[in-house]
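Q: Attaching a single structure in structure tokens format; questions to follow.
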Amino acid sequence: MRCRKLWTSTQTRRAKRSTLKSAAIRLLSKTLGLWVGVTIKPDDAAAMIAAAPRPVCYVLERESKTDLAVLSNVCTQLNLPRPERRLNLGGRRADKAYFELILPKGLFTRRAVRAPRILVQLVAAAAAHPQFDVDLVPVAIFWGRVPHKEASLWRLFFAEDWVLVGRFRKVLNVLVNGRNTLVHFGEPVRLRDVMQDGMNEQRSVRRLLRTLRSILRAQRASTIGPDLSHRRTLVAQLLKTADVRNAARGEMREHGSSRRAALIAARKYAVEIAANYSQAFVRFMAALLGWLWNRVFDGVKFEHVDQLNDIGDGAEIIYVPCHRSHMDYLLLSYVIYRKGFAVPHVAAGINLNLPVIGRYLRKGGAFFLRRSFKDDALYAAVFAKYLGVMMARGHSLEYFIEGGRSRTGRLLPPRTGMLSMTVRAYLRDPKRRVVFMPVYFGYERIVEGRTYIGELSGLPKKKESVPGLIKSTISVLRSKLGMVHVNLGRPISLDALLCRHNPEWRNAAAGPDSGASWIGAAVADLATRINVEINAAAAVTPINLVATALLATPRQALAEADLERQLELYQMLLRDAPYSPLVTVTRESGADMIRYAEAMGMLERQQHPLGDIMRMNAESAVLATYYRNNILHLFAIPSLLACCFVSNEGMSTADIHRLVRRVYPYISMELYLRWDETGVAAVADSLLDTLAALNLLQPNADRSEWQRPASTSLEAIQLSVLAQATIQTLERYYLAIALLLQSGSGVITQEALEERCHLMAQRMSVLYGLNSPEFFDKSLFRNFFDLLRRRNVIQATALGTLAFGEPLLTVAADAQRVLSEQIRHSILQVTLA
């Protein structure tokens, strides 16, 4: 009887305390509701939690009355069960429906909770009542870390990081950053899914705690980045690894140096490579860059952010953007930070490790690598291990798949060095699933435009320097750069790609050091897929379309009405036959595009009584090739179909298919198109139907024959202009083939032929006014000959010369059917000169 009275008295006191605590939380919630502004992540959090039929118990990272009050307000807002309600435990009722993993130990310190009382009660209730179950919902609350908000410098000192602050600092956080609060709901964890049959209650509690801590750590890492120790600690960790120690022993044997000297060299390399990430510096730069972008850009558009949300927490994200400008580094980190994701560590060339500047780039997450380190095994071992440590810690990475900036506006062939190290690091220690995120940058005016044109024309590349950087910064601040687009592509799962190349890749025999050929094939496949997915997320701006239209005319000039019609034709073509669902296209009318390009200084208006003429001057025309090349791949197949009718009034469907099938592999390799060779015929049929719907082609009744419109019609002119997007590429192919045929089989080496093609194309560019520097880009000829060799159209002899036979003659004959007689004669005239 006495025991029952004591138990009843205890329960009464607990009930009173619970009632008083609930009242206090309600009062605090109402008070905070007047000040705190909340962003909820993910957007569908309410639907995700409400969909489960089980009761909900919330799990907070640390004890905080303010965090609890904010959670209570959010639950009321989302019409979810409140955390301070009493939770039914089968035969009893708990005091609350939440618990914390970390509790205060004193005024300024904290301690981890070994086993929260309510969690023990939940596990006991599940063990006693087979029908009882509950969903544990991890909730992370971040003060001062919210997307779409411009943080002041004062707020930066109090924003969220990995340090678990005391009560006084928390009060300051609420006062300073209360308007910028992020509430991150994790996926519910079903209690019985974690508890295993036959496991006792204590082990079940420990397992649940491990699971919940892991989820909350992943939520924090995905929002503010992982907890990175100081660079000195990281360097010391690298020097202790077996791979670096083995490489140091190899250095000792090769150079006869002492062990101490080898380790000193390894430490020097590690210090040269490693970032020195500072969350406070990143916050400061976010504010500074926000001011900078508002000054130089009309806006920064970040599209398809849902691709990041779909990846989920716990994955290692590796951003692989195209490389247009030095501004790419800053732009991507900025938009990712503003959307509420962790800033990636960026692989930067050692040429950017400038005095003073390099130090601050490291604080922003940059780590540096040399252009080549094949001959330095110790450096390679240190860098590979650093990359592996960063991946194991879960920090997102960023590196440019092209290696350097594109000077032509096209994607460069991928460099596989970083990709190979990433794949091998993952194979060595596959802790976190790895997802590659392709990123497309679209600029309406690029700062380095004139520099790129000069380099393509033969001028030497200028070395980066502090004075040069200051000069460039001043130039940027004075520039009007229009809109910039940052589009995310479709994520690429490394696990899925590895399984396609070797389903047994997780076995030891398929390890990274086995020398298996399939690893190299997987890396090459991954590199190509990344470039393809970057292009599949292109952004089409008015500047791109104006450049594409006017560069297709002989003097880069069109009547305003004709230009307007051509721009709207391109727009309709991309809308009615979309290249990819992730391509974004401007919605402005043709007239608005013309006015915008004129305001950007790209177009000049020449007034005329019969209608104004829009034209480009010589400098603008050369720069416009860069913006046209950004989206050239989107018009590759439509333009190739239009090319079939440049010198032919009609053509059969079978002949069109054969020509497309013959040319497509070379265009696809150059522009990284998304279709494989077996599916391109269906793509061609779909585009023929679209061209017919736009009155650019006319089919017969059974669609076995196609005719172009009457040569005097507007549609015929539009079709001819559309063809010009690809005609220069075909001219370049024909020039290369003509020079090889002229030299003869087995006579000339590939290097000599590449040089001859480069000089002849340069000559054609001068003679015929081809304002397109990439027309004589030697690397494009090299890639073309490499593909001809891989497809066995030409062969390398034992002497290193190029031999050919009937297949090359067939390709040349097909090119003659597509190119006009005037173009063929022009090419032959240059080659025979």
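Q: With respect to S333, is the statement that it is open to solvent by 10 Å² or more (accessible area, probe 1.4 Å) and in contact with a strand residue (DSSP E or B) (Cβ under 9 Å, 6 or more places away or on another chain) true?
A: Values: open to solvent by 10 Å² or more (accessible area, probe 1.4 Å): yes; in contact with a strand residue (DSSP E or B) (Cβ under 9 Å, 6 or more places away or on another chain): yes.
The answer is yes for S333.
Q: Right, L671: touching a His at 6+ places or on another chain (Cβ under 6 Å) and touching a residue at least 40 places away in the same chain (Cβ under 8 Å) or not? Let's see the steps before the verdict.
A: Values: touching a His at 6+ places or on another chain (Cβ under 6 Å): yes; touching a residue at least 40 places away in the same chain (Cβ under 8 Å): yes.
Judged against the criteria, L671 is a match.
Q: Of (1) of a type in the set (A, V, I, L, M, F, W, C); (2) open to solvent by 60 Å² or more (accessible area, probe 1.4 Å); (3) under 30 Å from D525 (Cα atoms), A693 satisfies all except one. Which?
A: (3)
Q: Can you name the number of the only condition in (1) open to solvent by 10 Å² or more (accessible area, probe 1.4 Å); (2) at pLDDT 85 or above; (3) touching a Leu at 6+ places or on another chain (Cβ under 7 Å) that R295 fails?
A: Status for R295: all satisfied but (2).
Q: Take F132 and tell me if it is surrounded by 19 or more Cβ atoms within 10 Å (Cβ to Cβ) and either at pLDDT 60 or above or closer than 18 Å to L32 by Cα (or both).
A: Details: surrounded by 19 or more Cβ atoms within 10 Å (Cβ to Cβ): yes; either at pLDDT 60 or above or closer than 18 Å to L32 by Cα (or both): yes.
In short, yes.
Q: So T831 fits all but one of (1) under 18 Å from E751 (Cα atoms); (2) open to solvent by 30 Å² or more (accessible area, probe 1.4 Å); (3) at pLDDT below 70; what number is the exception?
A: Only one criterion in (1) under 18 Å from E751 (Cα atoms); (2) open to solvent by 30 Å² or more (accessible area, probe 1.4 Å); (3) at pLDDT below 70 is unmet by T831, namely (2).
Per-residue answers, yes or no, for (1) in contact with a Ser or Thr (Cβ under 9 Å, 6 or more places away or on another chain); (2) farther than 19 Å from I667 by Cβ; (3) surrounded by 18 or more Cβ atoms within 10 Å (Cβ to Cβ):
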residue: A701; (1), (2), (3): no, yes, no
residue: S704; (1), (2), (3): yes, yes, no
residue: S745; (1), (2), (3): yes, yes, no
residue: E751; (1), (2), (3): no, yes, no
residue: A761; (1), (2), (3): no, no, yes
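Q: Next question, about the same structure. Which condition from (1) over 30 Å from R213 (Cα atoms); (2) open to solvent by less than 20 Å² (accessible area, probe 1.4 Å) is the one that G365 breaks?
A: Condition not satisfied by G365: (1).
Q: Pick from region 574-600 the residues that are among the small types (G, A, S) and closer than 17 Å to V484 by Cβ: which of them is least open to solvent (accessible area, probe 1.4 Å)?
A: From region 574-600, those among the small types (G, A, S) are 577, 580, 589-591, 597, 599; that's our starting set.
Okay, now just the ones that are also closer than 17 Å to V484 by Cβ, so 597, 599.
Working: A597: 0, A599: 67 Å².
Applying the filter and picking the extreme gives A597.
Q: Report, by residue number, each residue of region 365-415 that is under 24 Å from R249 (Cα atoms) and free of Cβ contacts under 8 Å to residues at least 40 places away in the same chain.
A: Listed by number, the residues that qualify are R370, S372, F373, K374, D375, D376, L387.
Q: Out of region 374-399, which residues are closer than 28 Å to E533 by Cβ, in contact with a Phe, Trp or Tyr (Cβ under 9 Å, 6 or more places away or on another chain) and either part of a helix (DSSP H, G or I) or not acidic (D, E) (or both)?
A: Across region 374-399, the qualifying residues are F383, Y386, L387, G388, M390, M391, H395, S396, L397, Y399.
Q: Would you confirm whether or not region 448-466 contains a residue that is open to solvent by less than 10 Å² (accessible area, probe 1.4 Å), modelled with pLDDT of 90 or more and within 28 Å of V583 (Cβ to Cβ)?
A: No, region 448-466 contains no residue that is open to solvent by less than 10 Å² (accessible area, probe 1.4 Å), modelled with pLDDT of 90 or more and within 28 Å of V583 (Cβ to Cβ).
Q: Of all residues in region 605-618, how many are touching a helix residue (DSSP H, G or I) at 6+ places or on another chain (Cβ under 8 Å) and over 16 Å from Y570 (Cβ atoms)? Don't jump to the end; show me each part of the working.
A: Residues of region 605-618 touching a helix residue (DSSP H, G or I) at 6+ places or on another chain (Cβ under 8 Å): 605, 611-616.
Now restrict to residues that are over 16 Å from Y570 (Cβ atoms): 605, 611-613, 615-616.
Residues in region 605-618 being touching a helix residue (DSSP H, G or I) at 6+ places or on another chain (Cβ under 8 Å) and over 16 Å from Y570 (Cβ atoms): 6 in total.
Q: Could you tell me whether region 527-542 includes any residue that is in a helix (DSSP H, G or I), more than 26 Å from the chain's Cα centre (by Cα) and basic (K, R)?
A: no
Q: Same structure again: In region 233-261, how many residues are at pLDDT below 85, within 18 Å of E272 (Cα to Cα) and loosely packed, with under 12 Cβ neighbours inside 10 Å?
A: Qualifying residue count for the region: 1.
Q: Okay, moving on. Being without any contact (Cβ under 8 Å) to a residue 12 or more places away in the chain, closer than 30 Å to A527 by Cβ and not acidic (D, E) narrows it down to one residue among A701, A682; which is it?
A: On the way: A701 fails: closer than 30 Å to A527 by Cβ.
Testing whether each residue is without any contact (Cβ under 8 Å) to a residue 12 or more places away in the chain, closer than 30 Å to A527 by Cβ and not acidic (D, E) leaves just A682.
Q: From the list G388, G358, G409, pick out the single residue that is over 21 Å from C322 (Cα atoms), modelled with pLDDT under 90, open to solvent by less than 30 Å² (accessible area, probe 1.4 Å) and touching a helix residue (DSSP H, G or I) at 6+ places or on another chain (Cβ under 6 Å).
A: Result of the check over G388, G358, G409: G388.
Q: State which residue is surrounded by the most Cβ atoms within 10 Å (Cβ to Cβ) when the search covers only region 629-641 and only residues that are more than 21 Å from the chain's Cα centre (by Cα) and closer than 20 Å to N544 by Cα.
A: P638
Q: Here's another thing I want to ask about it. Looking only at region 585-599, filter to residues that are among the hydrophobic types (A, V, I, L, M, F, W, C) and touching a residue at least 40 places away in the same chain (Cβ under 8 Å); which one of those is farthest from V622 (Cα to Cα)? Reasoning before the result, please.
A: If we filter region 585-599 for residues that are among the hydrophobic types (A, V, I, L, M, F, W, C), which is where we start, we get 585, 591, 593-594, 597, 599.
After this cut, where a residue has to be touching a residue at least 40 places away in the same chain (Cβ under 8 Å) as well, the list is 585, 593-594, 597.
Working: V585: 23, M593: 20, I594: 18, A597: 15 Å.
Filtering region 585-599 for residues that are among the hydrophobic types (A, V, I, L, M, F, W, C) and touching a residue at least 40 places away in the same chain (Cβ under 8 Å), the one farthest from V622 (Cα to Cα) comes out as V585.
Q: How many residues does region 664-685 hold that are open to solvent by 60 Å² or more (accessible area, probe 1.4 Å) and out of contact with any helix residue (DSSP H, G or I) (no Cβ under 9 Å at 6 or more places or on another chain)?
A: Total satisfying the criteria: 2.
Q: Is it true that R708 is within 25 Å of A557 (Cα to Cα) and either in contact with a Ser or Thr (Cβ under 9 Å, 6 or more places away or on another chain) or buried (at least 17 other Cβ atoms within 10 Å of the Cβ) (or both)? Break it down into steps so the answer makes sense when it comes.
A: Working: within 25 Å of A557 (Cα to Cα): yes; either in contact with a Ser or Thr (Cβ under 9 Å, 6 or more places away or on another chain) or buried (at least 17 other Cβ atoms within 10 Å of the Cβ) (or both): yes.
Here the answer is yes, as R708 does meet what is asked.
Q: Based on this model, can you work out whether T653 counts as in contact (Cβ under 8 Å) with a residue 24 or more places away in the chain, open to solvent by 10 Å² or more (accessible area, probe 1.4 Å) and within 30 Å of D702 (Cβ to Cβ)? Can you show your working first?
A: Values: in contact (Cβ under 8 Å) with a residue 24 or more places away in the chain: yes; open to solvent by 10 Å² or more (accessible area, probe 1.4 Å): yes; within 30 Å of D702 (Cβ to Cβ): yes.
So T653 fits the description; yes.
Here is a yes/no grid of residues against (1) among the β-branched types (V, I, T); (2) free of Cβ contacts under 8 Å to residues at least 24 places away in the same chain; (3) touching a strand residue (DSSP E or B) at 6+ places or on another chain (Cβ under 9 Å):
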position: A521; (1), (2), (3): no, yes, no
position: D525; (1), (2), (3): no, no, no
position: R565; (1), (2), (3): no, no, no
position: L573; (1), (2), (3): no, no, no
position: V583; (1), (2), (3): yes, no, yes
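Q: Let me ask another. Restricting attention to region 32-48, and to residues there that are modelled with pLDDT of 70 or more and either charged (D, E, K, R) or in a helix (DSSP H, G or I) (or both), which single residue is farthest from the chain's Cα centre (by Cα)? Step through it out loud before you land on a result.
A: Just the residues of region 32-48 that are modelled with pLDDT of 70 or more, to begin with: 32, 36-48.
Among the residues that remain, those that are also either charged (D, E, K, R) or in a helix (DSSP H, G or I) (or both) are: 32, 41, 43-48.
Working: L32: 38, K41: 21, D43: 22, D44: 24, A45: 25, A46: 29, A47: 29, M48: 27 Å.
Looking at the filtered set, the residue picked out is L32.
Q: Looking only at residues that are small (G, A, S) and in contact with a helix residue (DSSP H, G or I) (Cβ under 8 Å, 6 or more places away or on another chain) in region 369-385, which one is farthest from R260 (Cα to Cα)? I'd like the intermediate steps shown before the answer.
A: Taking region 369-385 as the starting set, the residues that turn out to be small (G, A, S) are 372, 377, 380-381, 384.
Now restrict to residues that are in contact with a helix residue (DSSP H, G or I) (Cβ under 8 Å, 6 or more places away or on another chain): 377, 380-381, 384.
On the way: A377: 17, A380: 19, A381: 17, A384: 21 Å.
Top of the filtered list is A384.
Q: Within region 87-110, work out how many residues are open to solvent by 30 Å² or more (accessible area, probe 1.4 Å), closer than 24 Å to M48 by Cβ and either modelled with pLDDT under 85 or small (G, A, S) (or both).
A: Residues flagged as open to solvent by 30 Å² or more (accessible area, probe 1.4 Å), closer than 24 Å to M48 by Cβ and either modelled with pLDDT under 85 or small (G, A, S) (or both) within region 87-110 amount to 1.
The values are calculated or read from the model by the stated rules, or taken from the named source; none is laboratory data. What you see is a predicted model; the values in this text were computed from it and never measured. Positions of Cβ are generated from backbone atoms using ideal geometry, with glycine treated the same way; all protein chains shown enter the neighbour counts. All accessible areas refer to the heavy atoms of the entire protein, side chains included, with ligands and DNA or RNA removed. Shrake-Rupley method; radii C 1.70, N 1.55, O 1.52, S 1.80 Å.
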